[in-house]
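The values are calculated or read from the model by the stated rules, or taken from the named source; none is laboratory data. Here the structure is a predicted model, which means the values were calculated and not measured. Cβ atoms come from the backbone with ideal geometry, glycine included; neighbour counts cover every protein chain shown. What goes into the accessible areas is simple: the full protein's heavy atoms, side chains included, and nothing from ligands, DNA or RNA. Shrake-Rupley method; radii C 1.70, N 1.55, O 1.52, S 1.80 Å.
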Amino acid sequence: MHYKLSFILLFCNVMAGYAQFTAPRILRHPTQIRVERLDVLNTLYRETNINVTPDGKYLFFMSGRGQQAWSTPSYTTYNGKPEHDGDIWYSQKNGKQWGLPQCLGQNVNTSNGEDEPNISPDGQVVTFQSWGRPWETSGGPYYQSNLVSTSWGNAVGLGGGINSFFVDRAKAHKREDPLGLSNNDYATDGATLSSDGNTFIVAVGEYDGNMDLYISHKNTYGQWSYLKRLAVSTLGDERSPFLAADGKTLYFASDGYGGWGGLDMFKTILKDNDSNENIINLGSPFNTYLEDYGFILTASGNEAYFVREGDIYFADTKDADPELKPS
């Protein structure tokens, strides 16, 4: 009993040193919010890392469905089942209905997997992640491609401190684990680019372990700063960041702040020094006992999309608690 009491006191003292472990306030929405699984976008494979244009007309996402000449079967697994290498797809909204998804061409997608698309507000530039290219020397693993007429141009690496961060992390991992016996700790799962194109946030860590959120800013010369860890990160797992159209409201998924179980979705406001205000749990029906992540909003704040267990969902947020929405 003495040892058990000592452990509890020690645990409480340690937790007291981490302010972020105070349980966030949970939003209580005044009316029932309609949540709909978007079957036209989903397959038996994984759909994730979604991004929507501010006007809500185009939705970009990663899918492991394959179906392309370059697709690599059994490239990875998801929930214990084989899955193709990821490609970036998009769908256009006609009225209230989403059209059949279309796959971006080979200037973006390859046989080695692409992910984490971010589409610019004007729909002319897509930013994405790709490990299949010689990313260390081409400014990767994040690239941009411009829409030229009806096709996407050659990918150009973001370079700068983003590239340097991942190069350094990969080298350190190789020194510590030369035989490659463990998961690399420079994997990513979700990235977001502000609407003005000057702020970049990404989840980095072990893909099957915990991740943290890191941030980079573009200077007046167009160079990205070295990625640094955001204070919103916990000892747990943070993924799927999304910067709203205001450039300061950050949505993310975490299991480090309590909740219903697994990953839950949260909101905070970033300050000029990259610290953050209070963290809010988005509440039900967005968070459940399942894995809930990837929350995004249109600029109006009235349409939300998120991922639950590898499927894309829609939520009508017109009558949601106003605190759910960005400024």
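Quick notes on this structure:
- Given (1) under 26 Å from GLY159 (Cβ atoms); (2) out of contact with any helix residue (DSSP H, G or I) (no Cβ under 8 Å at 6 or more places or on another chain); (3) at pLDDT 95 or above, number of the condition PRO285 does not satisfy: (1)
- Remark: pairs (first residue in the range 83-112, under 14 Å from SER145 (Cα atoms); second residue among the acidic types (Asp, Glu); Cβ separation under 6 Å; 6+ apart in sequence or on different chains) = ILE88/GLU114; ASN109/ASP87.
- Whichever residue in the range 208-263 is aliphatic (A, V, I, L, M) and open to solvent by 10 Å² or more (accessible area, probe 1.4 Å) and, among such residues, is modelled with the lowest pLDDT: ALA245
- The set of residues in the range 153-198 being assigned to a strand (DSSP E or B) and surrounded by fewer than 20 Cβ atoms within 10 Å (Cβ to Cβ) consists of VAL156, ALA187.
- Residues that are part of a loop (DSSP other than H, G, I, E, B), of a type in the set (Ser, Thr, Tyr) and at pLDDT 95 or above, drawn from the range 23-56: THR43, TYR45
- If you go through the range 108-130 and keep only what is within 26 Å of GLU36 (Cα to Cα) and open to solvent by 30 Å² or more (accessible area, probe 1.4 Å), you end up with just PRO121.
- Taking the listed residues GLU136, GLU116, GLU83, the one that is more than 26 Å from ALA244 (Cα to Cα) and at pLDDT 95 or above is GLU136, with no other qualifying.
- Residues in the range 277-296 that are within 18 Å of VAL232 (Cα to Cα) and aromatic (Phe, Trp, Tyr): TYR293, PHE295.
Yes/no per residue for (1) modelled with pLDDT of 95 or more; (2) touching a His at 6+ places or on another chain (Cβ under 7 Å); (3) crowded, with 18+ Cβ neighbours inside 10 Å; (4) outside any strand (DSSP E or B):
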position: PHE61; (1), (2), (3), (4): yes, no, yes, no
position: SER74; (1), (2), (3), (4): no, no, no, yes
position: ILE88; (1), (2), (3), (4): yes, no, yes, no
position: LYS93; (1), (2), (3), (4): yes, no, no, no
position: LEU100; (1), (2), (3), (4): yes, no, no, yes
position: GLN106; (1), (2), (3), (4): no, no, no, yes
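- Only residues that are open to solvent by 80 Å² or more (accessible area, probe 1.4 Å), under 22 Å from the mean Cα position of the chain (by Cα) and of a type outside the set (S, T, N, Q) were counted across the range 76-86, and they come to 0.
- Residues satisfying the stated conditions in the range 273-297, i.e. in contact with a Lys or Arg (Cβ under 9 Å, 6 or more places away or on another chain), farther than 19 Å from GLN32 by Cα and either without any contact (Cβ under 8 Å) to a residue 40 or more places away in the chain or among the polar types (S, T, N, Q) (or both): GLU277, ASN278, LEU290, GLU291
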